[in-house]
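Below is one structure, written out as structure tokens; the observations come after it.
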Amino acid sequence: MNKRTEAHQNSCSSWRGANKGAGYNCWRRCKWKLAGYPRNLIGNRKFIALFCAIILIVLYLLSSSLSVSRFYLTRILLPDLLENFELSKNSDDLKKPRLVWQGGGSAMDDITPDVDHPFTEAPRHKHSPPPVAWENPSGFVHHGGRGDAKILVFASKRKGSAILRAITELLEMIKFKFDVITVMPGSPMPVLTDIHTKYKCFILDDFKMYLNRSASQRKMIDNFMEKNGIGMIAFIVSNNASRIGKQEQLKGFPVLLHNKLNAKELRLASSSPAGLYRVLREGASVNLTRRGDHPLPVSVMLPQHPLLLPLVEALVPSTSDVDTYLPAALLDVGRIDGIRRVLLGVDLSGWLQKLLFLDALSFLDAGLSLPLERYILVDVDDIFVARSGIRMTDHDVKAMLESQERLREKIPNFTFNLGFSGYYFLSGNAAENLGDKALVGNASSFWWFGHMWRHTQPHKLATVDDIKAPMLLNRHFAKTYNISVDTGYSVAPHHSGVYPVHEPLYDAWKKVYGIRATSTEEYPHLKPDRFRRGFQYRGIKVLPRQMCGLFTHTLYFESPEHPGLKAKLDASIDGGELFQTIALNPINVFMTHMTNYGSDRLALYVFEGVVQALQKRTNFILKTEPAVQLAQRYFDLYPEEEEPFWGDPCMDKRHMEIWSSNKTCDELPDALVLGPQKTGTTALYTFLGLHPSLQHNLPSPTTFEEVQFFSGHNYFRGLDWYLKWFPTREPGQIIFEKSATYFDSEVAPARVKALLPNAKLVVLLLPPERRAYSWYQHQVAHGAAAALNHSFSEVLRADLLPYPPRGLAELRARCLHPGEYAVHLERWLEHFSPEQLLLVDGEQLRQAPVAVMSQLQDFLDVRPVVDYDKLIRCAGVDTISLSGVLEYYAPYNARLLSLLQQLRRTPPSWLTNSSLDLQPTN
């Protein structure tokens, strides 16, 4: 062996030692040199390369029955040899060459698949749950909703990246619960514990955040994910700093990356595993330049392991005259290291990328799947309401019926749902009146629902009788023309009175029509539409309503008022807004207007077009149902949305336009005394009420000085009920409410934030052992059986009993749970800034109330400043010594001290005091 050959062998051995598992590519490089040929065989020995290629093609044909051999030949060796040759334009029956596999050095090349076919999916880990039926996703606000999240999103930047925003917005749109954690460059990855086992998927907005970790950190993450059956979706998206076409070997992962290539087309890879795509139809593709759009920057990922499978291919420019398809998304089925991954080199800007994201979630865990059924209900509001000249004719009605029949071929029993105000019947020209007659003549061919008689907005009518009268006229019109209105569904003109709620409307609906369902686009706000939700109030189910890009004034494909409208509608149909609305919402109620069915009949064009596009590109099963059945189905899917969230109408201009002028937000409180109970909140309420510029809520005959709105059943009585507890505000006054049940309520913080986002919050912190004993004494005074029959010590030890007496466990919880101050404060701080929160030392309030009231006046910014030394006098209170409860609160007090230090707040004196004295608080 000559020295040159020996040197190459030594180099190969040392390289293998430094890169365990990279033997295959090392062997390949060394072998070429041992044979005496330079590594770049193509550039110097083209005739030898061509000869080898012919031999390999022959071997390929001979091995046609051996899929694994064919896989290695076509994906590893042939592209390496032919990378600089012009490929046949018919190589893939697509008239464009397709490069799917490129060999290269990697730390995983020596892993041999232990399967008969490289596409075989890895079995689920023994610790992962078996496949289950679709589980209802839920959510209302950011992070997708209440309850435990199944998705943990890792953010690589504190302020968030564009792809992070796209991820969170898409998850919010499909109502999947998720949590977000920020991992800054250079900072350690979070320690994963048992609390993280609830997650079924980790989503990384930057895959390199994971790859650039130390070997020990990556091993920790990998072991945790494998043990708990957690999958990964990771993005490798080009940024502004990326160099166009830059080639990069991913650190410790068998992928060769090319940054920032401009894709002209995206398509699903034909070689992807069967059954992977659940939502997307195989063969789906999107031309990114058809309408003059700019090419999409993508990161091309050339896999260097046979079990990394292309999911999406991007058509990108090549050095030759022919563009090339290259992988822009990869699937790791879990055979490499036991972790199932989906790597995306594309953003989430288009319909194909978004639906691929849905399929990736579903592939990683069956519980992260949306149902394939898509329900579509098309409401046609104001079927008789429009000025003469833009109304429907009898020819338009005929076209509407014909379109309905065509849609029924794709959506069984599809039926347009017509809303009417009878006063406007036969108010057009002669041809349009024939259209009105054609509508009622074919009444049985449609579904119907009533508006108001003269399209009056209900919030402008003060009483139930005022609203009932025009509704009864409309009902009489329906009876006259054999229009069935016993559907249990109605829509208010301009969604007036639905949300914000106008109580008389709900009463009138139920009395006149027996309404059980309605819909609105205003809850909680019109925009952003991804947050639209449903709710239930007073027995009526309120569905979220969607828009389709058509309005009362959109009549023609081209007009001076709406230039280029047809192109916009085509884009919306062909993967744009309307297409995505249906794709991302299992249940869709669309608002259209009568004028959209006359003139150029835009609505017929739009809905027939989008249905065709959905069936061409997706596996959705399109269905329809009447509104009441649809509402029941909606809340079966999203039961957590049944409870409403009342927002401040005065913070939304559109809400103010459909809210009664007799109501005002001026009566809403500026500050809340949250509690907890038995910490001195009643005394504080009294002291605050002594100030001439502070006005408290009115007393209740059942809950005395407390309203208890945000924490219990009173919340479902509505905003009107809450407002009645506050007096008319005088100039310069500050209104406050005190309800000590709010502090430890799990639901109160989010509810308060929705209605009173700028409120100032006051919390009293008495030593928790004092508070617990005081609550016990309070129960004794009120004759609670559990308190009368058991000593305080017995109450504390109730958890040790296998079967505690009735009421004892509940008493123990009410004694101890509110005193876990840090737990509850952290919940409030999830919704409010620390600057909105004042922590009052309950001991100081007892011993030096004047100083505390001065602090409160400053916090509330109230004028004039009052000298409370002249207003209040305090008597001393006897103390009681008891040590047993301190042990329970020790960890909670330590947590509270840590929290206060983080907030840079001075802890109350009792928190660092070891005194065991307890006093009941009145």
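The values are calculated or read from the model by the stated rules, or taken from the named source; none is laboratory data. What you are looking at is a predicted structure, and each value in this text was computed from that prediction instead of being measured. Cβ atoms come from the backbone with ideal geometry, glycine included; neighbour counts cover every protein chain shown. Areas reflect the complete protein model, heavy atoms only, side chains present, ligands, DNA and RNA absent. Shrake-Rupley method; radii C 1.70, N 1.55, O 1.52, S 1.80 Å.
Heavy-atom accessible surface of the stretch 145-267, averaged per residue, reaches 44 Å², computed with a 1.4 Å probe.
When Tyr481, Tyr776 are compared by accessible surface with a 1.4 Å probe, the order from highest to lowest is Tyr481, Tyr776.
When both the stretch 357-434 and the stretch 829-857 are represented by their alpha-carbon centers, they are found 57 Å apart. In this structure, the amide hydrogen of Glu737, modeled 1.01 Å from its nitrogen in the peptide plane, lies closer than 5 angstrom to those of Ala671, Leu672, Val673, counting only residues at least 5 positions away or on a different chain. One Cα centroid belongs to the stretch 182-261, the other to the stretch 756-796; the line between them spans 48 Å. Dividing the convex hull volume of the alpha-carbon atoms in the stretch 360-483 by its residue count gives 168 Å³ per residue. Convex hull volume of the Cα atoms of the stretch 160-257, normalised per residue: 121 Å³.
Accessible area per residue, 1.4 Å probe, Å², for the stretch 638-682: what's the number? Please list the in-between numbers first.
Values: 1760 Å² over 45 residues.
Using a 1.4 Å probe on heavy atoms only, each residue of the stretch 638-682 averages 39 Å².
As an equivalent ellipsoid, the stretch 630-748 spans semi-axes of 28, 21, 11 angstrom, where each value is the square root of five times an eigenvalue of the C-alpha gyration tensor, largest first.
For the residue pairs Lys150/Lys760; Lys479/Lys511; Lys175/Lys623; Lys264/Lys616; Lys159/Lys219, alpha carbon separations beyond 25 Å are given by Lys150/Lys760; Lys159/Lys219.
Gain on full extension, evaluated as 0.36 nm per residue between Lys616 and Ser318 minus their Cα-Cα distance, stands at 104.3 nm. Computed with a 1.4 Å probe over protein heavy atoms only, the accessible area of Asp869 comes to about 80 Å². Summing +1 for each Lys or Arg and -1 for each Asp or Glu among the other residues whose beta-carbon sits under 12 angstrom from that of Asp379 gives -2. Label zone of Glu794 (point 7 Å out along Cα→Cβ, amide N under 20 Å): in the stretch 765-788 this covers 772-788. With a cut-off of 12 Å between beta carbons, the residues surrounding Ser445 carry a summed charge of 0, where Lys and Arg count +1 and Asp and Glu -1. Per residue, the solvent-accessible area of the stretch 535-630 (1.4 Å probe, heavy atoms of protein chains only, all protein chains present) comes to 33 Å².
May I ask you to rank Arg729, Arg617 by accessible area, largest first, using a 1.4 Å probe over the protein chains only?
Reading off the accessible areas and sorting them downward yields Arg729, Arg617.
Based on the mean of other beta carbon atoms within 10 Å per residue, what is the order of 371-383, 394-406, 493-505, most packed first?
Ranking the peptides 371-383, 394-406, 493-505 by packing returns 493-505, 371-383, 394-406.
In the stretch 674-830, the alpha-carbon atoms span a convex hull of 133 Å³ per residue. The value of relative contact order for the stretch 749-839, using C-alpha pairs under 8 Å at least six residues apart, is 48 percent. With Cα atoms defining each centre, the stretch 651-705 and the stretch 471-535 are spaced 31 Å apart in the structure.
Quick check: with the 1.4 Å probe, what order do Phe859, Phe551, Phe235 take by accessible area, largest first? Display every interim value, and only then the final one.
Details: Phe859 30, Phe551 80, Phe235 0 Å².
The ranking, largest first, comes out as Phe551, Phe859, Phe235.
Restricting the count to DSSP beta bridges whose residues both fall in the stretch 644-762, what percent are antiparallel, rounded to a multiple of 5? So the antiparallel bridges in the stretch 644-762 amount to around 10 percent.
DSSP beta bridges fully contained in the stretch 452-567 are about 40 percent antiparallel.
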